[in-house]
Amino acid sequence: MRTWITGLALLGLLGLSASVASAQAAPPPGADVKPGVKNIDLVLCLDVSNSMDGLIGSAKIKLWDVVNYLARVQPAPNLRVGLYSYGHNTYDKEAGWVRKELDLTTDLDMLYQKLFGLTTKGGIEYVARVTRDAVLQQKWSDDPNSLKLIFVCGNEPASQDKQVTLQEVADMAKKRGIIINPIFCGPAAHRDAQDWTQFAVLSGGKFSSIDQDKAAVVVINAPQDQKLVELGNKVNATYIAYGKAGNEGKRNQLLQDVNSEKAGQAVYAARIATKNTALYRCEAWDLVDKCKTEKDFDVTKLAAEDLPEEMRKLTPEQRKTYVKEVTEKRARLQEEIAKLTAERERYIAEETRRQNNQGAQGLDAALRETIRSQAKARGIAVPD
């Protein structure tokens with residue numbers, strides 16, 4: 001069954017994210033990676049000028065599918081994602097109408113919140129400026145074997161910036177082992193795509209073109225979606241908020257559930273699948289994840305005010321038992337979700353082949369194709 005969701009229709013949801021305080025700090029780069037596995041740092045630079053509603057809508061709809069694609073890597077990589085927007089005429093002119101939305105982080109809820117906060121308005125798009133800022137401002141992994149990617153998307157000539165050139169940005173990125181992948185939102189043969197193709201050559205990245213004129217994004221609803229939604233709601237009850245970040249972390253988790261669900265049940269089902277992977281990490285505010293990632297973490301030493309109300313009167317041993325029981329409950333639910341997710345993926349793959357959709361690729365396909373080839377060069381295999 002095929003459902004069409006327009007990027008413009010999603011703009012009505014933007015107000016939901018504004019109520020969440022943006023002060024929830026992302027963990028410092030050295031604190032949010034797991035040792036012994038591959039590092040993937042990925043920064044998205046999205047054009048938010050007047051004509052880019054379709055691009056922003058696609059990013060909101062397809063983010064969880066792209067993350068789930070990366071979750072196929074075993075063992076699960078240290079994935080961090082950053083976000084920039086550019087071309088909005090309310091942004092700082094001195095900064096080239098570029099805004100950093102999010103530093104590299106493992107916090108996927110914060111990433112989705114920022115995506116839902118984007119609006120479109122403007123017409124001056126400095127591709128070189130936004131990619132330069134991404135190269136210089138982010139604290140990229142210093143592991144020489146890490147995969148460091150920038151995807152910059154837009155539909156105007158990439159050489160508009162008269163202060164910063166594509167050549168100098170490409171040189172900066174290559175010196176740091178960062179690959180810039182330009183995505184042109186329009187036909188590859190369009191005259192404005194020439195700069196984008198050249199930028200890919202200069203930076204050693206991959207040029208892609210996507211169908212920006214398409215009125216909607218194709219979403220396939222699967223028969224497993226409704227059950228996944230039910231199980232996902234049950235899993236939410238197993239998150240135990242603790243510490244200063246606890247209440248805000250849980251509130252933002254639920255808000256991004258709402259944003260995903262309003263984008264469509266299939267989008268919400270994809271988010272639930274993401275939350276069931278090792279890439280969805282909440283140890284900064286959830287006791288279950290904290291105890292799983294830090295085996296020597298002692299829940300008995302937390303101050304009472306850092307615990308949720310239901311745990312404050314428990315004895316030290318009762319605290320351990322409580323967390324253990326909730327952890328086991330989540331594990332049982334996750335087993336069901338994993339089984340349903342596998343069935344859902346098979347259904348979507350078969351339905352996609354049956355529909356045999358033709359035409360230019362979408363944003364998610366461009367991201368997956370590029371990530372797959374460039375990950376392979378770093379010894380990171382993304383299974384089919």
Qualifying position, being of a type in the set (S, T, N, Q) and touching a Phe, Trp or Tyr at 6+ places or on another chain (Cβ under 7 Å), among ASN78, ASN89, ASN68: ASN89
Subset of region 100-138 (residues that are more than 20 Å from ASN252 (Cβ to Cβ) and without any contact (Cβ under 8 Å) to a residue 40 or more places away in the chain): LEU136, GLN137
Of residues in region 218-242 being free of Cβ contacts under 8 Å to residues at least 60 places away in the same chain and more than 22 Å from the chain's Cα centre (by Cα), the one farthest from GLY362 (Cα to Cα): ALA237
Region 94-117 - residue that is more than 23 Å from ILE61 (Cβ to Cβ) and of a type in the set (D, E, K, R) and, of those, nearest to the chain's Cα centre (by Cα): ASP103
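Quick check on LYS339: is it more than 27 Å from GLN226 (Cβ to Cβ) and among the charged types (D, E, K, R)?
Answer is no for this residue.
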Filtered residue count, region 311-344, keeping only those that are over 19 Å from GLU283 (Cα atoms) and either without any contact (Cβ under 8 Å) to a residue 12 or more places away in the chain or more than 25 Å from the chain's Cα centre (by Cα) (or both): 11
Unique residue being out of contact with any strand residue (DSSP E or B) (no Cβ under 9 Å at 6 or more places or on another chain) and surrounded by 13 or more Cβ atoms within 10 Å (Cβ to Cβ) when the list is ALA269, ALA304, ALA366, ALA263: ALA269
Odd one out for ALA284, checked against (1) in contact with a helix residue (DSSP H, G or I) (Cβ under 6 Å, 6 or more places away or on another chain); (2) outside any loop (DSSP other than H, G, I, E, B): (2)
Residue satisfying condition, being outside the structural domain of CYS153 (by TED's automatic domain parsing), more than 18 Å from the chain's Cα centre (by Cα) and assigned to a helix (DSSP H, G or I), within set ALA270, ALA245, ALA200: ALA245
Strands (runs of 3 or more DSSP E) enclosed by region 84-189 - at least 1 residues per element that are within 29 Å of TRP285 (Cβ to Cβ): 98-105, 147-154
Sole exception among (1) surrounded by 20 or more Cβ atoms within 10 Å (Cβ to Cβ); (2) in contact with a Leu (Cβ under 7 Å, 6 or more places away or on another chain) for ALA284, by number: (2)
Filtered residues of region 319-344 (kept if hydrophobic (A, V, I, L, M, F, W, C), farther than 19 Å from ALA241 by Cβ and surrounded by 16 or more Cβ atoms within 10 Å (Cβ to Cβ)): ILE337, LEU340
Residues (modelled with pLDDT of 95 or more, buried (at least 17 other Cβ atoms within 10 Å of the Cβ) and either outside any strand (DSSP E or B) or not assigned by TED's automatic domain parsing to the domain that holds TYR126 (or both)) located in region 203-220: SER203, GLY205, LYS206, PHE207
Of the criteria (1) surrounded by fewer than 20 Cβ atoms within 10 Å (Cβ to Cβ); (2) in contact with a strand residue (DSSP E or B) (Cβ under 9 Å, 6 or more places away or on another chain); (3) not assigned by TED's automatic domain parsing to the domain that holds LEU79, which one PRO316 fails: (2)
Members of region 310-352 found to be more than 24 Å from GLY362 (Cα to Cα) and hydroxyl-bearing (Ser, Thr, Tyr), listed by number: THR315, THR321, TYR322, THR327
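The values are calculated or read from the model by the stated rules, or taken from the named source; none is laboratory data. Everything quoted here is computed from the prediction, not taken from an experiment. Every residue, glycine among them, receives a Cβ derived from its backbone with ideal geometry; neighbour counts consider all protein chains shown.
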